[in-house]
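Report on one structure; see the data block that follows.
Readers should treat all values here as calculations from the given coordinates under stated rules, not as data from a laboratory. Keep in mind that what you see is a predicted model, and the values were worked out from it rather than measured. All Cβ positions, glycine included, derive from the backbone under ideal geometry; neighbour counts span all protein chains shown.
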Amino acid sequence: MAEDNLTLEEVRKMAAGIGLNHLTDEHLQQLLRATRAARARRTHLPLSSLDPADEPAHVFSLAAGEDR
Amino acid sequence: MSDLHWLTVAEAAELLRGKKLSPVEYTRALIARIERHDGRLNAFLRFTPEIALEDAKRAETEIGRGQWRGPLHGIPYGLKDIIDYAGLPTTAHSKILADNVAAIDAHVAAKLKAAGGVFMGKLSTHEFAIGGPSFDLPWPPARNPWNRDHFCGGSSSGSGAATAAGFLPAAIGTDTGGSVRNPASMCGVTGMKPTYGVVSRRGVIALAYSLDHIGPLTRTVRDNALMLDLMAGHDPLDPGSVPHAPGGYAAGLDRGVKGLKVGVIRHFYQRDMKADPEMAAGIEAAVAKLAGLGAEVREIQAAPLGDYLACNRTLLTSEAFAMHEKWMRERPQDYGALARERIMAGAFVRAADYVNATRLRRKMADAFHASLAEIDVAVTASSMDPPCRIDDPQAVEHTYGRQARAVFNITGSPALAVPVGFSKAGLPLAMQIVGKPFSEALVYRVANAYEQATRWVERHPSFEAVSA
């Protein structure tokens, strides 16, 4: 699917696929704009700077001595 | 005593402790001011004068018995309405949570109660701290006290407006992409996003778990430091809470900046995102003032601003949608349009992109902290533009993302928005002072030196001048 060409019908199917079944046409237009914007933003993530050893910055941690 | 509404926390505390001012008299004065003016500013979503008077009477009795609890005892404050206060609804300014009555206090609310504060009510926010300013919600948006036709920033909108308007000397906000510092900047007050984990998030409705911070808005730097001292502390029930926040934030305020090394991140507002000329001039004048006070100023480089903003929005929208997905399935019509669209931006972010954004976050935070190794604090823009009109959605949309605050939600660094003057139209200008993790005391020290040298804080909005 060409990202710039994402259509309302395509986004309607995508929404149904994750259970967003109560969106009106106006809501779907919003979802279309929001999804296009999010996809455009992805191109601004400097992913090429990542090395395989770069770890995620997760919040979760176990306390010292806690059994796993 | 006249002008009680412009007393700072520190000034009021001294008067209250010395029994030269009654908490009840003080509270009544602010109640009268709120009743008179808030109909035009909408800073309060839920005004609770009855609770305030009970708190004030209790404070008066305790202080009368010599049981002074500290600098907030008998002093009014308010909470952004995503922060739980037991017995009151926490609505997040949304129809979705209109009847969501909190059973217990948020950790920060409990701390301020224990400090003897006088609770004045819940303050307006953007819907779920993301959708605003909106006119399609059950409550109107807060407006800017310097000109009510203008945006007061957000999402801690009411916290900024109430503080600037002299309704409260201190208010609490939250900050996921800049939401304490934006209203502080737009309203000409001081707002701190502390180091991630210094203030517990427990009992605060999340926007994005890994980026959410709680912070104070006040009219002066000293008050901000006093408030953070009361708010900070370990909470074992918040998994992001740090074991030991240093505290003592107000202790070294008056030590000046002579010899301190200040790094200016100019490329954020000169190259990456060109600031409005008046805003840029205000920041440059502030940098020159710090140099004149004896700071060693040098320019430093960070990653391009757009890298941080893309990373912040990827994390923020993904985490926000995860929390809102159930409501988006069942009640999408109950959101305002702005919140619905901004939250839905996270619906189809790929898992790999989210994970990669967290990897970038660690890398960018490490690199940023390394760039601070040889300086004490950094200075940069907060908003790139003065406040726009609140009734101009295109202008709001254009200026909303033109900011350098979300950078420090990514790095987790302490970042303080302080006023640096006013535009020709009389609207506030601001900058950020940023520190290494847990160096809030040093950030406050630099900000206080600047504040004392400029006294922007002595200017207040005139309600007689605002349009009706």
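Could you pull out every residue, at least 5 positions away or on a different chain, whose amide H is within less than 5 Å of the one on B:H150? Hs are placed 1.01 Å off N in the peptide plane, and Pro or chain starts have none.
Those qualifying (amide H under 5 Å, at least 5 residues apart or on another chain) are B:N144, B:I390.
List the pairs from A:K13/B:K326; B:K111/B:K258; B:K19/B:K122 whose alpha-carbon separation is above 23 Å, in the order I gave them.
Going by Cα-Cα distance, B:K111/B:K258; B:K19/B:K122 fall outside the 23 Å limit.
What residues qualify as long-range amide H neighbours of B:V297, i.e. H under 5 Å apart, gap of 5 or more or another chain, H built at 1.01 Å from N?
Result for B:V297 returns B:V262.
Summing Lys, Arg as +1 and Asp, Glu as -1, what charge do residues with Cβ under 10 Å from the Cβ of B:H460 carry, B:H460 excluded?
0
When only C-alpha pairs under 8 Å and at least 6 residues apart count, what is the relative contact order of chain B, in percent?
Rounded, it is 17 percent for chain B.
How much net charge surrounds B:A417 when only the other residues with a Cβ under 9 Å from the Cβ of B:A417 are counted, with Lys and Arg +1 and Asp and Glu -1?
Residues near B:A417 contribute +3 overall.
In nanometres, what is the gap between the two model label sites at B:R69 and B:A102, each 7 Å from Cα along Cα-to-Cβ?
Using points 7 Å along Cα→Cβ, the separation is 1.5 nm.
List the lysines whose alpha-carbon lies under 22 Å from that of B:K261, not counting same-chain residues fewer than 8 positions away?
B:K193, B:K289, B:K436
Where the centre of each part is set by its Cα atoms, how far does the stretch B:88-158 sit from the stretch B:401-436, in angstrom?
Using only Cα atoms, the two centres lie 21 Å from each other.
Add +1 for every Lys or Arg and -1 for every Asp or Glu among the other residues with Cβ under 13 Å from the Cβ of B:Y26, and state the total.
The answer is 0.
Hey, can you rank B:269-278, B:424-433 by average C-beta count inside 10 Å, highest first?
B:424-433, B:269-278
Could you name the aspartates and glutamates in cross-link range of B:K363, using Cα to Cα under 16 Å and dropping any fewer than eight places away on the same chain?
Of all the aspartates and glutamates, those that pass the test against B:K363 - Cα under 16 Å, at least 8 places apart if same chain - are A:D51, A:D54, A:E55, B:D307, B:D353.
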